[in-house]
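K.L.:
Take a look at the following structure, please.
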Amino acid sequence: MHKKLLILLAIIYFLAVFYFYTIQWLPGWSLILIAAINLLSVVFYGMDKLAAIKHWQRTPEKYFHGLALLSGWPGSLIGQILFNHKTTKVSFRRSFYMMIFLNVVGSLAYLYYIKY
């Protein structure tokens, strides 16, 4: 159930971004940037999962959190589910959820700022 709720939140986020683009509150380049960041997030999770399996050098968690904070958290959720990676470490999950919160609050503050 927890995963389904997060996926629903990610879908709502993507729909909101597209809606705000259609009413011209967001520029077109922002859609491309958000898509690229989300794709990069999925790739990072896949690469880090492979690195964990092969005992290669791992990606520092700050990069995952940075991507999540920059609107890449829906892609991060997809990567976590797709690769079953970074799903149990409690300290990572807490920080990840904080990045989601900060991104959503920051996005709403931005939208409020440009509207009023």
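What follows is calculated from the coordinates using simple rules that are stated; it is not laboratory data. Being a predicted model, the structure only gives us computed values, none of them experimental. Here Cβ is always computed from backbone atoms with ideal geometry, including for glycine, and neighbour counts include all displayed protein chains.
K.L.:
Which one of these is of a type in the set (S, T, N, Q), in contact (Cβ under 8 Å) with a residue 24 or more places away in the chain and either farther than 18 Å from L9 by Cα or not in a loop (DSSP other than H, G, I, E, B) (or both): S30, S91, S107? Even if it seems obvious, please write down each step before you answer.
P.N.:
On the way: S30 fails: in contact (Cβ under 8 Å) with a residue 24 or more places away in the chain; S91 fails: in contact (Cβ under 8 Å) with a residue 24 or more places away in the chain.
The match here is S107.
K.L.:
Within the set of pairs 6+ apart or on separate chains, which have a first residue in the range 52-71 that is outside any helix (DSSP H, G or I), a second that is surrounded by 10 or more Cβ atoms within 10 Å (Cβ to Cβ) and of a type in the set (D, E), and C-beta atoms under 8 Å apart?
P.N.:
Every condition considered, the pairs that remain are R58/D48; T59/D48.
K.L.:
Need the failing condition index for K49 against (1) surrounded by fewer than 16 Cβ atoms within 10 Å (Cβ to Cβ); (2) in a helix (DSSP H, G or I); (3) of a type outside the set (G, A, S), just the number.
P.N.:
(1)
K.L.:
Turning to a different aspect of this structure: If I ask for residues that are among the aromatic types (F, W, Y) and surrounded by fewer than 15 Cβ atoms within 10 Å (Cβ to Cβ), which ones from the range 75-116 would you list? Explain how you work it out, then say what you get.
P.N.:
Restricting attention to the range 75-116, the residues satisfying the condition of being among the aromatic types (F, W, Y) are 83, 92, 96-97, 101, 110, 112-113, 116.
Once the filter is applied, which keeps residues that are among the aromatic types (F, W, Y) and surrounded by fewer than 15 Cβ atoms within 10 Å (Cβ to Cβ), the range 75-116 yields Y97, F101, Y110, Y112, Y113, Y116.
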